[in-house]
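All remarks here apply to the structure that follows.
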Amino acid sequence: MITVKGLHKKFGQLHILKGIDLEIHKGEVVVVIGPSGSGKSTFLRCLNRLEEPTSGEIMFQGELITAKKHNINATREKMGMVFQHFNLFPHKTVLDNIMMAPIQVKKQNRSQAEATALELLQKVGLEDKRDAYPAQLSGGQKQRIAIARALAMEPHVMLFDEPTSALDPEMVGEVLEVMKSLAVGGMTMVIVTHEMGFAREVGDRILFMDQGVVVEQGTPQQVFGAPEHERTQNFLSKVL
Amino acid sequence: MDFFMEFGTMFWEYRNYFMTGLQYTLLLAALAVFCGFILGLFIALIRMSPWGIVRFFGHVWVEFLRGTPMLVQLMIVHYGLSYMFNINFSPIESGAITLSVNSSAYLAEIFRAGIQAIDRGQGEAARSLGMTQGQAMRFIIIPQAIKNVLPAIGNEFVVIVKESSIVSFIGVAELMFQAGAVQGDSYNPMTPYLIVALMYFIITFTLSRLLNRFERRLQASDNR
């Protein structure tokens, strides 16, 4: 579904991604782990070109999305993204947050968008918050709304950029629960996270990144149970 | 007591002067606020354009208009353009143009500060949902930016009302001009100016009250 070839990203002198090659299949849940500064988030943000890759190719559903003439907006409609800091629109109600893109981008009519939005609110368990503003919600609730907002575009793949890192510990569970139900429902997902328990339970494949390269990848059993590389062993011994 | 009597008597005696002046001042201010707002937003966007040459134009616009007196700008628009290019504006047109263009520079800087203060994540979230840069600006960034800089915008509106007095120089019959006319007719150098001072104050005070109410209404989303 997504093919990445020779992906490099530099910020000035700083070489963040040093050649990533990867194939992500439909329905797969890929979890990216690694120390801070290893380039996990940058890699994820390159997938929908929030960061422009310095070189390399990314194919999505058979289209070369890194091509100069490619309309990235059309691709982003099919790639939902969830951010560490939620990034809900504070001047809009919960319902408007969710309906905004379907109405403005997909040109759905209001009643259609509202029906989908209410369905999604139910799915994330927040139907009573439809008229609340983001400032009135807890962190966990904000992130669940952010997930609903991304799902409203009916994406084919969901990208999660450390979705629970900014949450109080007691709210991490509710967000992971929603993500787990998505995974069970067959959604293709790429998740950058520090939640090792979640990675092991939900991930189909674990990617360990360090210093801009994928050091090791495999099933959770392989990577967590019997890591081959010293750097992986090192990292896991610190976080587990 | 005498003073208040005189104040009232003079206002009544010359009510036609003052009322005409009020109409022109309100018309000028309304035009300048409206056109300055639109133009200012446009210049703010130009100043953040990805193309250097366009940015440079915006930069020159702002620096020139902020760095030269409005009276000079008024003379250039009204007499200079007529002399050099045979572009003739009526005094009220010249006044409205100068006020709008001048305030657009200040408003552009206010808008730019407001837009740049919005968290980057807002634009990223909008773009990640498939919105174009234009849609993200229009629906997500600019509404929040304007809300945040509303107090500064209100300030600028008040300034526009007061600065509109400058256009009396080219003979627009607004409040300041009328005060001069009344002074000439009555030989009283104090009371006419006190009367228009009060009238300016009533306009600006009402304006800032209105903006305050508007601000509070926009703050609905801040309630926790």
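Here the condition is being more than 29 Å from residue A:184 (Cβ to Cβ), of a type in the set (D, E, K, R) and either touching a helix residue (DSSP H, G or I) at 6+ places or on another chain (Cβ under 8 Å) or open to solvent by less than 30 Å² (accessible area, probe 1.4 Å) (or both); of A:63, A:28, A:51, it holds for A:51 alone. For residue B:217, the requirement of being basic (Lys, Arg), open to solvent by 50 Å² or more (accessible area, probe 1.4 Å) and within 14 Å of chain A (Cβ to nearest Cβ) is met.
The condition (being more than 17 Å from residue B:221 (Cα to Cα), open to solvent by less than 20 Å² (accessible area, probe 1.4 Å) and under 21 Å from the mean Cα position of the chain (by Cα)) is satisfied by just one residue among A:101, A:113: A:101. Would you confirm whether or not the stretch A:172-187 contains a residue that is in contact with a Ser or Thr (Cβ under 7 Å, 6 or more places away or on another chain), in contact (Cβ under 8 Å) with a residue 12 or more places away in the chain and more than 30 Å from residue A:109 (Cα to Cα)? Taking every residue of the stretch A:172-187 in turn, at least one turns out to be in contact with a Ser or Thr (Cβ under 7 Å, 6 or more places away or on another chain), in contact (Cβ under 8 Å) with a residue 12 or more places away in the chain and more than 30 Å from residue A:109 (Cα to Cα). Pairing each residue of the stretch B:148-166 that is under 24 Å from residue B:220 (Cβ atoms) and in a helix (DSSP H, G or I) with any residue that is basic (Lys, Arg) and open to solvent by less than 10 Å² (accessible area, probe 1.4 Å), provided the two are 6+ apart or on different chains, yields no C-beta distance under 6 Å. In the stretch B:1-60, the residue that is nearest to residue B:158 (Cα to Cα) out of those that are among the polar types (S, T, N, Q) and under 21 Å from the mean Cα position of the chain (by Cα) is B:25. When we screen A:107, A:78, A:69, A:92 for residues that are open to solvent by 50 Å² or more (accessible area, probe 1.4 Å), over 23 Å from residue A:190 (Cα atoms), within 10 Å of chain B (Cβ to nearest Cβ) and of a type in the set (Lys, Arg), the only hit is A:92.
Where helices (runs of 4 or more DSSP H) fall wholly inside the stretch A:142-240, the ranges with 3 or more residues that are under 23 Å from residue A:123 (Cβ atoms) are A:169-184, A:196-202.
If you filter the stretch A:110-131 down to residues that are over 23 Å from residue A:169 (Cβ atoms) and assigned to a loop (DSSP other than H, G, I, E, B), you find that the one that is nearest to the other protein chains (Cβ to nearest Cβ) is A:131.
Restricting B:144, B:73 to those that are open to solvent by 10 Å² or more (accessible area, probe 1.4 Å), part of a helix (DSSP H, G or I) and within 14 Å of another protein chain (Cβ to nearest Cβ) reduces the list to B:144.
The values are calculated or read from the model by the stated rules, or taken from the named source; none is laboratory data. Only a predicted model underlies this, so the values are computations on that prediction, with no experimental measurement involved. Every residue, glycine among them, receives a Cβ derived from its backbone with ideal geometry; neighbour counts consider all protein chains shown. Accessible surface areas use protein heavy atoms only, side chains included; no ligands, DNA or RNA. Shrake-Rupley method; radii C 1.70, N 1.55, O 1.52, S 1.80 Å.
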